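Accompanying notes for the structure given below.
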Amino acid sequence: DDKAQEAIEKGLEKWPQDGSLLLLYSDILLRKKEYNRAVKCLNRYIEVKPAQTERGYREIAQCYEREENLDKAQEYYQKAIDLSPGSARCWRLMGKFLANVRKDQDKALPFLKKSVELMPDSTYGFMKLGEVYEALGQKEEAVVCYEKALENYRADIEKDPGDCCNYEGTADVLIHLGRFDEAEEMIQKAMSLEKKVFTCSCPFCYEALEDMAKIEERKGNLEKALEWMEQAGRLASTDYYPKEIARLKAAIGDQ
């Protein structure tokens, strides 16, 4: 990151209006937890790329979310929706934020329902909606959503059988449905393809490792779950995995 930051800063001296450089710069600043600078960089990105304002708002919201400034994060997720009410992604991100971060499943529900209404071939959107229904105790509705997510993932795999992300997503849905053997097959397939996919920020499918942790935890094998989660944490670059590792360690201690 330090070398990349140095190169980008030199580039911005020559091309201060380059939106791609500004976006890359904000991503590095976010990873280095320089949140205020990342937000300033993204505001500059919006200035030079006004057509990308929605994306800028979404990225700013994620900066505030990582900073744990939740009111500002919600404000910018809402700004993105207000700017692009036809964007399923904007509704989905707000729903995910409300469910995962605010822990308010009731408020998350209409946002996620709207996201899949706008994008009926959604994969993750239906899975997340299923998770919210499950958290609300509406198990039949949850299963319907999981099955729809599975159907859409299978369609995506048929279109592009070389994309590891679709196999990992399928595995995640199968875990929710309790179909662990099938999920493990999908995880192995994802990991066999991981280095051929360049849409992720890492050449390793660390989410597939996390899926293995989920399977072991659901089976009651907390120590094995911790091993998989620690492997995922070594490859990922977010704050999510340290928290999950600490949670599993605490659960093992309670046992």
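The values are calculated or read from the model by the stated rules, or taken from the named source; none is laboratory data. Computed from a prediction, not measured in an experiment: that's the story for all the values here. Don't worry about glycine lacking a Cβ; one is built from the backbone with ideal geometry, like all the others, and counts go over all protein chains shown. SASA here: full protein model, heavy atoms, side chains in, ligands and nucleic acids out. Shrake-Rupley method; radii C 1.70, N 1.55, O 1.52, S 1.80 Å.
Within the range 120-209, considering only helices (runs of 4 or more DSSP H) that don't extend past its boundaries, which have at least 2 residues that are over 20 Å from the mean Cα position of the chain (by Cα), surrounded by fewer than 24 Cβ atoms within 10 Å (Cβ to Cβ) and among the aliphatic types (A, V, I, L, M)?
139-159
So is E75 part of a helix (DSSP H, G or I), modelled with pLDDT of 95 or more, within 28 Å of A99 (Cβ to Cβ) and open to solvent by 30 Å² or more (accessible area, probe 1.4 Å) or not?
So E75 passes the test.
So R89 fits all but one of (1) in contact with a Lys or Arg (Cβ under 9 Å, 6 or more places away or on another chain); (2) open to solvent by 70 Å² or more (accessible area, probe 1.4 Å); (3) free of Cβ contacts under 8 Å to residues at least 24 places away in the same chain; what number is the exception?
Condition (3) is where R89 drops out.
When you check A61 against the structure, is it over 16 Å from S115 (Cα atoms) and surrounded by fewer than 16 Cβ atoms within 10 Å (Cβ to Cβ), yes or no?
The answer is no for A61.
Limited to the range 92-112, what total is found for residues that are of a type in the set (A, V, I, L, M), touching a Gly at 6+ places or on another chain (Cβ under 6 Å) and open to solvent by 10 Å² or more (accessible area, probe 1.4 Å)?
Step one: filter the range 92-112 for residues of a type in the set (A, V, I, L, M), giving 93-94, 98-99, 101, 108-109, 112.
With touching a Gly at 6+ places or on another chain (Cβ under 6 Å) added as a condition, the list becomes 108, 112.
Now restrict to residues that are open to solvent by 10 Å² or more (accessible area, probe 1.4 Å): none.
Residues in the range 92-112 being of a type in the set (A, V, I, L, M), touching a Gly at 6+ places or on another chain (Cβ under 6 Å) and open to solvent by 10 Å² or more (accessible area, probe 1.4 Å): 0 in total.
Determine which single condition L226 fails, assuming it passes every other condition in (1) crowded, with 20+ Cβ neighbours inside 10 Å; (2) assigned to a loop (DSSP other than H, G, I, E, B); (3) of a type in the set (A, V, I, L, M, F, W, C).
L226 satisfies all of (1) crowded, with 20+ Cβ neighbours inside 10 Å; (2) assigned to a loop (DSSP other than H, G, I, E, B); (3) of a type in the set (A, V, I, L, M, F, W, C) except (2).
Only one residue in L24, L70, L42 is closer than 21 Å to D82 by Cα, of a type in the set (A, V, I, L, M, F, W, C) and open to solvent by 30 Å² or more (accessible area, probe 1.4 Å). Which one? First the steps, then the outcome.
Details: L24 fails: closer than 21 Å to D82 by Cα; L42 fails: open to solvent by 30 Å² or more (accessible area, probe 1.4 Å).
Going through L24, L70, L42 in turn, just one is closer than 21 Å to D82 by Cα, of a type in the set (A, V, I, L, M, F, W, C) and open to solvent by 30 Å² or more (accessible area, probe 1.4 Å): L70.
Here are the criteria: (1) at negative phi; (2) assigned to a loop (DSSP other than H, G, I, E, B). Tell me which single one G95 does not satisfy.
Only one criterion is unmet by G95, namely (2).
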